[in-house]
Each structure stands twice: as structure tokens, then as C-alpha cells.
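The values are calculated or read from the model by the stated rules, or taken from the named source; none is laboratory data. Every value quoted in this text rests on a predicted model; they were computed, and no experiment measured them. Cβ placement follows ideal geometry from the backbone for every residue including glycine, while neighbour counts extend to all protein chains displayed. Only protein heavy atoms, including side chains, enter the accessible area calculation; ligands, DNA and RNA are left aside. Shrake-Rupley method; radii C 1.70, N 1.55, O 1.52, S 1.80 Å.
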Amino acid sequence: MKKGNMWAYHIIALATIAVWGSTFVSTKVLIGHGLTPADIFTLRFVIAYVIIVFMAGRKVFADSVRDELRMAALGITGGSVYFLAENEALVYSTASNVSLIVCSCPLFTTLMYKMVYRNVRLGKGLVAGSILAFVGMATVVLNGRFVLHLSPIGDTLAFVACICWAVYSLLIRDAYKKYSSLFITRKVFFYGIITMLPYYMLKGGMPCPDISSTVVIGNLLFLGVVASMLCFLAWTWCMRNLGAVRTTNYVYLNPITTIVLGNIILQERITAYFVVGTALILAGLYLCNKRYGDNQLED
């Protein structure tokens, strides 16, 4: 593959993470208008599914029951359970704890990848880069406060979300070898919505946004069309071309985009820890993506 094309995939992965890091603003706005995090997730996936169903062609089911079950697992690990666990974790634990645990998913992805695919070798650069990026991410998230306030329930839920995304990254590896990015993304949205229904059966009532509010509609469209449909599609495309481990390592940049936007929109202060942590993350990503011949992991 040409080097220029590889850079294009890296830029798209970076842009995707930047958008995902910005979703906290829209989420906060919608919560302020009476929607719960679960409602927001469901509505954004419904919007994304309605649009992508017209783009993904006529193919409805995967080629085998096993593949269809894999698609369902992708919808659960990358959709319903992931978002529910992450959002509920914030109820019981601090934002720093949740961010630190959830954003450590690239490290778990790398470890799980090696456990599942034993014939794959992890290059020294990839391992060193992953650890360096993790240290940088922790520095950014903790921001000098190195005392974690442990919450068994909240931290466990955050860990569930972390493992879900790591499993999602592994499951999608085999899926994109047989199916198009459009087909996979459509199935993720479909099963993400379907597996949210038991939650609403227990809770009672479905999400009902204020459709008369342009602010609500605008933010839902951003989350549904851009942050969900386009970003999930782009993320799958990047995984197909960069590999699951390399792409997932960009998750380490999520706290950076959130803090930068917090500084621009909410005038939150950027500290020296943020600068140092960002430098470590970028150095780690450089090592992860630098080629080391046969010693580097090949997806």
C-alpha cells in the first residue's frame, strides 16, 4: 500500500477521534433538555441506521448464522452494552476514573489480540508505543491528581465498557475480511438498537425528544449523522486498512480533543500535565505506527 494512502487513513482515524471527543458538548446539551444518556445513544443510532440502510445495498443478512451472530456481538460490544456501561459508570464513579479506565482499551486490545492470535508477533515498537501512549493518556486524564477515588460499581462498569471496545476491535477484524464497511456498520447500528430494547422494557417508556426544539434536533443530527454514521463507517474503514490495534491506539487521543474543546468552549484551563501527556501520546503513536519490518505486528 502506498505511503500517501496510509497517511490518509491515519488522518481519518485522527479526525474520527476528534469528533468523538467533541460529542460531550452535544450530550451535555441534550441532557439539559431532558434526555438521558441511554435515550441519546438510542436516538443517535436510530438516525444513523435510517440513513445508512439506504446506502448499504440490498444484502440483509450475513452469509452464515455464525457471521450474523458476530454482527450481533459487534452491535452489543460497540453499541448498547458499551454505551450503557460507560454512561452508568459516570453515575457511580468520577469522570477521571471512567476516562482512565475506558481510554485504556487500546492496551487491552493489544494484549487480547496477542492472546487470541498467538501466531502474530508484537513488534517492540508497537509494545513500547502502546505503553508510552497509555502513560501519556493517564497523565492527561489525571492532570496531576494521582489519587484515584475507587468506586467498585462505577469502576467495574467502566472496565466492562473498556473490555467491550477491545472485544469489538477484535471481532471486527474477521468481519471486514468478508463484508463491506457499509454492511458491517449498518448491522452494528441495527443490533445496537435491538439490544437496547430490554433496557427500555425494564425502565418503561421510549425516548421522546422535543422535536420542536432546533437545538435538540441539531445536536441529535450531529450525533446521529456525523458522530455515529460517518464516524463508525470511517473507523471500520481505518481498521480494515491500518489494522485493529493500530487504529484503536488513536483512542488515546480522545481525552486530548475533549480537553482542547473544553478550553475553547468552556474556557477550562490547560495545564502543564496536559502538554506533557500529549507529547507522550504523540510519541507513543509514532512508535506504534512506525514500521519495523517483520518485527511489527501485521493485521
Worksheet entry | 37 °C / 0.692 mPa s Stokes-Einstein diffusion coefficient of the chain, Kirkwood radius on C-alpha pairs, µm²/s | 167
Response to the item:
Simple SL model, points at 7 angstrom along Cα→Cβ for Ile194 and Asn119; separation in nm is 3.2
Discussion item. Leaving out ligands and nucleic acids, and using a 1.4 Å probe, what accessible area per residue does the stretch 38-97 come to in Å²?
Written reply: 48
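Under DSSP H, which helices of the chain have Cα atoms covering 24 Å or more of the helix axis and a Kyte-Doolittle average no less than 1.0?
Sorted by number, the helices that extend far enough and score high enough are 124-142, 152-175, 272-289.
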Worksheet entry | Extension reserve of the Lys59-Ala128 stretch, reckoned as 0.36 nm per residue once the Cα distance is removed | 20.6 nm
Discussion item. Shape verdict for the stretch 25-102, please, from the Cα gyration tensor: rounded (a/c under 1.5), prolate (a/b greater than b/c) or oblate.
Written reply: oblate
Worksheet item: Simple spin-label model, 7 Å along Cα-to-Cβ: Thr271 to Met206 in nm?
Response: 4.5
Discussion item. Could you report the accessible area of Ser213 in Å², rounded to 10, computed with a 1.4 Å probe on the protein chains as they sit in the structure?
Written reply: 20
Worksheet, complete the sentence: Computed over the chain, the relative contact order (Cα-Cα under 8 Å, seq sep at least six) in percent reads 39
Discussion item. Which order do the peptides 51-59, 73-81 come out in when sorted by mean C-beta neighbours inside 10 angstrom, highest first?
Written reply: 73-81, 51-59
Practice prompt. Let me have the 222 nm mean residue ellipticity of the chain computed from DSSP H runs of 4+ only, each contributing -39500 (n - 2.57), with the sum over all residues rounded to the nearest 500.
Written response: -22500 deg cm²/dmol
Item to complete: Could you tally the net charge around Phe83, taking each other residue with its Cβ under 14 Å from the Cβ of Phe83, Lys/Arg +1 and Asp/Glu -1?
Response: -2
